[in-house]
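Down below is the structure, laid out as structure tokens.
Quick note: the coordinates plus some simple rules give every number you see, no bench work behind them. Only a predicted model underlies this, so the values are computations on that prediction, with no experimental measurement involved. FYI the Cβ positions are ideal-geometry reconstructions off the backbone, even for glycines, and counts take in every protein chain you see.
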Amino acid sequence: MSNLKATKRESSSTGSNNRLRAKGFIPAILYGGKDPNQNISVSKKELSNLINSETFLSKVLELDLDGKKEKVIPREVAFHVVSEEPIHIDFMRIVSGKKIILDIPVKFINHPESPGLKRGGVLNIVRRKVELKCPAETIPDEITVDLTGTDIGTSIKISSVKLPESVEPTITDRDFVVATVAAPTVIKEPEKPAEETTAEGAEGEAPPEGADAATAKDGDPAKKDDKAKDGTADKKPADKKPEEKKPAEKK
């Protein structure tokens, strides 16, 4: 159990709270039980490691308020919209003999001992937290799910999860699923047969070197035949020489 020191704060105005934050403190409120609500402040430095943990809102803390110690549990944390720094916390007193409803994180262990995961299966987590009704004296930090022996197609239901004594889920009308071991989602495409590969290669073979050059040099044989048939189609007509005039005979 973690210890946390707190001090009373006389004013709850916005200006007073901002001054506390500037000094490295977080304004908070303590409520629950028979005692009246109390405005308090806690050190941000002392809370820095706890507040970022997944189990913070289900973790029992021992609050030392000016020398008076009592067990509390964080119920809500407000964060700044821009800096995402904590600006206010609600703490609830734990009253002995009463039950508290909390969202408890689920932790999965022994992944290498799962045959399904060894064969490429995937752990599909349905619920990362489970809402439980817990006695104030025995609040678990987390629920442990053992994956030993789970194969592909296994559904892990809440009934198979070992819970602490007197701790029970708030959902009682059905045996809900916490996680499953699913088959791998990536499927390999079958390889093409060798015949198809050979045929494709034959169709795509390039003509031998020099073939294009020879064709360009010789020209199209069909065109040559057409020219041969035309005969003098391409020849220019011969120029006719003017006839020479004979000199007139003398009488």
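Remarks
- Calculated FRET value between residue 2 and residue 122, using beta carbons and R₀ = 45 Å, to 0.05: 0.80
- Whole-number D in µm² s⁻¹ for the stretch 82-175, Kirkwood Cα-pair radius fed into Stokes-Einstein, 25 °C, 0.890 mPa s: 157
- Three-way shape label, the stretch 121-192, alpha-carbon gyration tensor, a/c 1.5: prolate
- Paired Rg and Dmax values of the stretch 2-93, which use every Cα atom, in angstrom: 12.4, 37
- Listed by Cβ neighbour count within 10 Å, with the fewest neighbours leading, 16, 41, 96 appear as 96, 16, 41.
- Sorted by Cβ density within 10 Å, fewest first, the residues 172, 55: 172, 55
- Under-5 Å amide H pairs with residue 143, H placed in peptide plane, nonlocal only: 106, 107
- Contour minus Cα-Cα distance for residue 168 and residue 69 (0.36 nm per residue): 32.8 nm
- Phi-based couplings in Hz for the stretch 95-111 (Karplus 6.51, -1.76, 1.60; Gly and Pro marked x): 9, 4, x, 9, 9, 10, 8, 9, 8, 9, x, 9, 10, 9, 10, 6, 4
- Calculated log₁₀ intensity ratio I(q)/I(0) where the Debye formula runs over C-alpha points of the stretch 70-122, q = 0.19, 0.28, 0.29 Å⁻¹: -0.78, -1.13, -1.15
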